[in-house]
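The values are calculated or read from the model by the stated rules, or taken from the named source; none is laboratory data. Owing to the predicted nature of the structure, the values given are computational and were not obtained by experimental measurement. Here the Cβ positions follow ideal geometry from the backbone for every residue, glycine too, while neighbour counts run over all protein chains shown.
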Amino acid sequence: MFEQAFKNIDDILHKDAGCSSELDYTEQTSWMLFLKYLDDLEHERGLEAELMGQDYQYIIDPEHRWSAWAAPKDADGNFDHNNALTGDDLIDYVNGELFPYLKGFKQAAESPDTIEYKIGEIFGEIKNRLQSGYSLRDALEKVDELRFRSQEEKHELSHLYETKIKNMGNAGRNGGEYYTPRPLIRAMIDVVQPKIGETIYDGAAGSAGFLCEAFDYLRQGGRAQNKLSTSDLKTLQDRTFYAKEKKSLAYVIAIMNMILHGIETPNVVHTNTLAENLQDIQPGNQHDIVLANPPFGGKERKEVQQNFPIKSGETAFLFLQHFMKILKPGGRAAVVIKNTFLSNTDNAAIALRKELLQNHNLHTVLDCPAKTFLGAGVKTVVLFFNKGEPTQKVWYYQLDPGRSLGKTNPLNDADLQEFVELQRLAANGKGGDSEKSWSIDVAGLDQATWDLSVKNPNAKEEAPLREPQEIIAEIIALDKESEAILAKVRELV
């Protein structure tokens with residue numbers, strides 16, 4: 001329905017001097033999509049109020065509504081080119097009037113969980129990068145062709161937007177940090193099994209892929225495919241998903257992605273999660289479930305490290321401490337982390353493994369193959385743990401799709417099906433061991449290092465490498481055999 005419009009928008013942005021990569025295309029498409037969505041939302045709410053015989057209080061003033069400046073219509077409902085700003089006039093209006101007006105909503109908003117606050121936050125962080133008012137006019141006309149009125153329309157838009165985010169992951173310039181492969185996310189959710197009424201949190205949201213997939217899972221009734229009540233749907237909208245994101249572009253994309261999936265006012269806070277002192281996290285701030293793929297390899301300043309009992313410059317180690325603290329007792333987590341976390345010998349890694357094993361049940365470790373994350377040169381594992389009980393046994397699964405992963409051959413849902421099925425057996429005490437999976441007893445670990453390295457005892461042994469002399473002898477024997485065969489052939493000729 002809308003695929004061609006998305007392609008046309010990208011073509012327009014590609015030709016503008018202010019946009020140079022997929023990251024820019026997604027950023028610029030996002031603010032235009034957001035304002036079009038807002039206009040459709042207000043139109044819908046206005047009609048509902050009218051049917052109820054009530055007045056609707058519009059969020060946006062008349063002169064700054066989409067229909068006034070982006071897509072004015074004539075009396076017949078057709079695009080009114082005579083009254084549409086274009087060229088330098090359009091750029092001057094967007095940069096000098098519209099964005100400052102929208103930015104002002106943040107100060108006027110009653111609280112951070114309102115749509116008004118989100119408007120102010122987004123337009124305080126994002127900039128219009130298009131330099132040509134004619135390119136901007138063309139892009140606005142294409143965006144105006146998109147509609148957010150029906151579930152089918154929103155579903156297609158969310159799918160197209162996800163494709164844009166995936167392309168960002170392939171675009172370099174750290175684009176990969178915005179995208180976690182969706183089949184991996186779905187498998188993580190399938191193991192954790194969230195339920196209606198539980199809160200789900202991601203403190204390093206990126207493009208909010210974990211929350212969007214969890215929303216789809218719950219909206220479809222979870223693993224049992226239960227039908228949801230009106231009350232359930234309201235709980236999903238308002239009191240289920242919580243996120244934090246530090247980077248401006250990712251924050252905007254996260255909000256837009258959640259809106260397109262059907263969450264009207266996403267609870268995404270624009271903040272540095274690690275700047276929060278762990279001592280300040282109270283039971284009222286804790287969550288039932290954590291799903292996350294925090295950034296790794298980054299270095300945090302000394303003052304940020306002071307917020308954590310286990311000091312480390314490694315960003316992922318600080319995030320893991322944050323996640324352990326923000327989980328409610330009995331809460332469940334699935335967190336992606338570098339596989340070197342399992343065996344690093346530095347003090348922070350050892351202390352963190354000890355904390356994880358003694359105060360949480362690290363029941364499952366999923367070992368991911370190389371190139372699971374496009375553009376990332378590190379191998380990763382997924383840690384699945386529950387808070388409040390020590391680990392007795394860890395079940396490992398070594399994911400091997402039987403092929404080399406890459407941009408044209410990414411991870412798919414079928415690759416993870418065996419993991420999900422065997423994990424279910426292991427969790428229920430019904431086995432789960434295979435050539436790719438095994439368990440270890442924590443009691444047998446070296447308590448000086450708490451090393452959790454992935455060492456598969458069930459893997460088939462590879463044929464041992466032969467000595468060079470043995471190989472040479474075989475070549476000579478084969479040569480002699482060939483000579484004998486050729487001699488017989490000559491006799492026949």
Residue satisfying condition, being modelled with pLDDT under 95 and aliphatic (A, V, I, L, M), within set LEU320, LEU236: LEU236
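Let's see how each residue does on (1) among the β-branched types (Val, Ile, Thr); (2) within 19 Å of GLU141 (Cβ to Cβ); (3) buried (at least 19 other Cβ atoms within 10 Å of the Cβ):
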site: LEU33; (1), (2), (3): no, yes, yes
site: LYS36; (1), (2), (3): no, yes, yes
site: LEU41; (1), (2), (3): no, no, no
site: GLN54; (1), (2), (3): no, no, no
site: ALA71; (1), (2), (3): no, yes, no
Test: residue in region 290-298 that is of a type in the set (S, T, N, Q), more than 27 Å from GLU116 (Cα to Cα) and not assigned by TED's automatic domain parsing to the domain that holds ILE59: yes
Test: residue in region 73-80 that is of a type in the set (A, V, I, L, M, F, W, C) and out of contact with any Phe, Trp or Tyr (no Cβ under 8 Å at 6 or more places or on another chain): yes
Given (1) part of a loop (DSSP other than H, G, I, E, B); (2) modelled with pLDDT of 90 or more, index of the condition ILE263 fails: (2)
Residue tally, condition within 21 Å of the chain's Cα centre (by Cα) and either among the hydrophobic types (A, V, I, L, M, F, W, C) or not assigned by TED's automatic domain parsing to the domain that holds GLN358 (or both), over region 409-430: 5
Output for region 71-80, where each listed residue is more than 33 Å from the chain's Cα centre (by Cα) and either in a loop (DSSP other than H, G, I, E, B) or among the small types (Gly, Ala, Ser) (or both): PRO72, ASP74, ALA75, ASP76, GLY77, ASN78, ASP80
Matching residues, region 191-220, being in contact with a Lys or Arg (Cβ under 6 Å, 6 or more places away or on another chain) and among the small types (Gly, Ala, Ser): GLY203
Selection from region 305-333 of residues that are charged (D, E, K, R) and under 16 Å from GLU389 (Cα atoms): LYS325, LYS328, ARG332
Residues within region 176-221 that are part of a loop (DSSP other than H, G, I, E, B), closer than 16 Å to LYS164 by Cα and not β-branched (Val, Ile, Thr), tallied: 5
Residue that is surrounded by the most Cβ atoms within 10 Å (Cβ to Cβ), among those in region 393-419 that are closer than 21 Å to VAL336 by Cβ and polar (S, T, N, Q): GLN398
Criterion: crowded, with 23+ Cβ neighbours inside 10 Å and touching an Asp or Glu at 6+ places or on another chain (Cβ under 6 Å) - qualifying residue of LEU291, LEU352, LEU320: LEU291
Region 420-433 - residue that is in contact with a helix residue (DSSP H, G or I) (Cβ under 6 Å, 6 or more places away or on another chain) and surrounded by 13 or more Cβ atoms within 10 Å (Cβ to Cβ) and, of those, nearest to PRO181 (Cα to Cα): VAL420
Residues of region 73-92 classified as crowded, with 17+ Cβ neighbours inside 10 Å and either in contact with a His (Cβ under 6 Å, 6 or more places away or on another chain) or among the aromatic types (Phe, Trp, Tyr) (or both), total: 0
Complete set of residues in region 13-60 that are touching a Cys at 6+ places or on another chain (Cβ under 9 Å) and of a type in the set (A, V, I, L, M, F, W, C): LEU13
Test result for GLU27, in contact (Cβ under 8 Å) with a residue 12 or more places away in the chain, touching a helix residue (DSSP H, G or I) at 6+ places or on another chain (Cβ under 7 Å) and buried (at least 16 other Cβ atoms within 10 Å of the Cβ): yes
Test: ALA473 is outside the structural domain of ILE189 (by TED's automatic domain parsing), surrounded by 10 or more Cβ atoms within 10 Å (Cβ to Cβ) and in a helix (DSSP H, G or I): yes
Qualifying positions in region 198-246 - surrounded by fewer than 16 Cβ atoms within 10 Å (Cβ to Cβ), small (Gly, Ala, Ser) and on the phi > 0 side of the Ramachandran plot: GLY221
Residues of region 1-60 satisfying the condition of being among the small types (Gly, Ala, Ser), closer than 22 Å to TYR179 by Cβ and not in a helix (DSSP H, G or I): SER20, SER21
Within region 81-147, helices (runs of 4 or more DSSP H) holding 3 or more residues that are within 20 Å of TYR25 (Cα to Cα): 87-93, 115-125, 133-144
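Here's the yes/no breakdown for (1) over 25 Å from PHE241 (Cβ atoms); (2) in the same structural domain as VAL378 (by TED's automatic domain parsing); (3) of a type in the set (A, V, I, L, M):
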{"position": "ASP288", "(1), (2), (3)": "no, yes, no"}
{"position": "GLU300", "(1), (2), (3)": "yes, yes, no"}
{"position": "ASN307", "(1), (2), (3)": "no, yes, no"}
{"position": "ILE310", "(1), (2), (3)": "yes, yes, yes"}
Count - residues of region 374-413 that are at pLDDT 95 or above and of a type in the set (S, T, N, Q): 4
Residue list for region 224-260, filter: over 23 Å from the mean Cα position of the chain (by Cα) and in a helix (DSSP H, G or I): THR230, SER231, ASP232, LYS234
Where LYS387 falls short, out of the listed (1) more than 30 Å from LYS166 (Cβ to Cβ); (2) outside the structural domain of PHE323 (by TED's automatic domain parsing): (2)
